[in-house]
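Read the structure below first, then the notes.
The values are calculated or read from the model by the stated rules, or taken from the named source; none is laboratory data. Owing to the predicted nature of the structure, the values given are computational and were not obtained by experimental measurement. Backbone-built Cβ (ideal geometry, glycine too); neighbour counts: all protein chains shown.
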């Protein structure tokens, strides 16, 4: 990924180096690499896909952080905390462009189409979130939101790796379903960790989503079980800055069965994902995908 | 282009409708359509290319206007004057995604690669401009800048249309050269009109570029001919808000031969462009491309 920008503005190289050195779990490209490895994809196109997926993800994060005004990501300063907003917009655009170049290097026009549509899905989801009033607790909205935000790119990572492999359409569809389920589980667990993690570990306040009026699965389950909870009603009515009610509500959710219920659901998604790949080649990559799926629901942060 | 966004957020459809109804010359898709028409490209992929080119151009304008804080474009309010900066970033991203989907619909992986690299070139050019100190008067820098900003997408419009046509590589290369030369001429004339146009017609103050320290071809020629002009020296030393020197300098440039010299150069670019296509099929589209080239140097605004 770093070599790709060699002929452009030197500041762009330093930006890419900075972003790529900042770590992150690189879970999306790992899904692509393991899927392609399991199914016998050629190495070069697969590497281009993996780079494209990670670059696309990085570009959306760069613009997201700008929009949210976030100053830290993965514990280090975000681009917009170091650069001007103008430069951050352009840096994100540039990373989109590099992602597209990398996707084109796979030489698969089907892959390019899926990849472009995924970007449209992710951005459309963000715009919907921007314009939707906060404080709604519909599970349907929640699934739609985390599909656009996270599961769509997991799905694309696995599906596009299958597109690059010598396999039939049913296997491609299976990998699509696998990626989708893994991604849904991943985001649900992220949303659970927002409740259960401690500020020192996560690097942001407990229940930071809820504090901004973003109702995720644990809170949705809690609201369903406690329809008369006054603190929850406050949030659902758009008040989420009450300094007494909010911490009390967060404690209630943390101590309720809602967190466990959400975790059970994440495990169901993982189980569905593993089921669809159960008939596929039993090789090292298959085993690693199973490990990855287990990691997604068992990780601490 | 409007149909493409049907399944996404309704606000996105209204944004696209708004942007696409706001006019503009649509000169880039016209270059693509006429080139493809001249060379016998299939209609459907050619239309997808034309849409992709215009969408890419529109997306870069949306982010540009945000960065410049521009409130008017083509005489009507820009997106960022009506929407929040956050929504404007995302709207631009979404239009990039639609451009990529449209490009993928041509089913040409070569086209996708050229298209993605063009986006990288445009954005890299903008970043360079953002980080380069203003008030330099090198022709080399100027050519590099207008290539990235304008000529690269003209080049891609003509070249990609040739990629979709039943022609050999020499013809593709000729169309690339044609698009390049047309684009260089187009931007030089734009920069001339910034000096010669009247505020009422152009919708912005005369010499708006120079007033922001951006030295374009007429000013470069003027500086070369009058190396000791004190007002020009002021600009080259980074002072371009002097309320006496700036209007005086603008008048000097307008009254000098520098404008004509720049126009001569634009005509040379057009001539070089027309020369490379002189051996190609003499059909209606070829004639229309010649008219378009003439229009580029003869237009008023």
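Filtering A:121, A:128 for residues that are more than 7 Å from chain B (Cβ to nearest Cβ), in contact with a helix residue (DSSP H, G or I) (Cβ under 8 Å, 6 or more places away or on another chain) and in a helix (DSSP H, G or I) leaves a single hit, A:121. Yes or no: the stretch A:207-225 includes at least one residue that is without any contact (Cβ under 8 Å) to a residue 40 or more places away in the chain and over 18 Å from residue A:138 (Cα atoms). Yes: the stretch A:207-225 contains one or more residues that are without any contact (Cβ under 8 Å) to a residue 40 or more places away in the chain and over 18 Å from residue A:138 (Cα atoms). Note on the stretch B:88-111: residues that are under 29 Å from residue B:68 (Cα atoms), within 7 Å of chain A (Cβ to nearest Cβ) and free of Cβ contacts under 8 Å to residues at least 40 places away in the same chain total 4.
Just one of (1) under 19 Å from residue A:267 (Cα atoms); (2) within 14 Å of chain B (Cβ to nearest Cβ) fails for residue A:155. It is (2). Just wondering, is there one or more residues in the stretch B:55-73 that are within 30 Å of residue A:102 (Cα to Cα), away from chain A (no Cβ under 12 Å) and modelled with pLDDT of 95 or more? Yes, the conditions are met somewhere in the stretch B:55-73.
Yes or no, residue by residue, for (1) over 22 Å from residue B:51 (Cα atoms); (2) surrounded by 24 or more Cβ atoms within 10 Å (Cβ to Cβ):
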{"residue": "B:142", "(1), (2)": "yes, no"}
{"residue": "B:149", "(1), (2)": "no, no"}
{"residue": "B:154", "(1), (2)": "no, yes"}
{"residue": "B:162", "(1), (2)": "no, yes"}
{"residue": "B:168", "(1), (2)": "yes, no"}
{"residue": "B:174", "(1), (2)": "yes, no"}
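Residue A:14 fulfils the conditions (1) out of contact with any helix residue (DSSP H, G or I) (no Cβ under 6 Å at 6 or more places or on another chain); (2) modelled with pLDDT of 65 or more; (3) within 14 Å of chain B (Cβ to nearest Cβ); (4) under 28 Å from residue A:165 (Cα atoms) except for a single criterion, (4). The single condition among (1) part of a helix (DSSP H, G or I); (2) crowded, with 24+ Cβ neighbours inside 10 Å that residue B:106 does not meet is (1).
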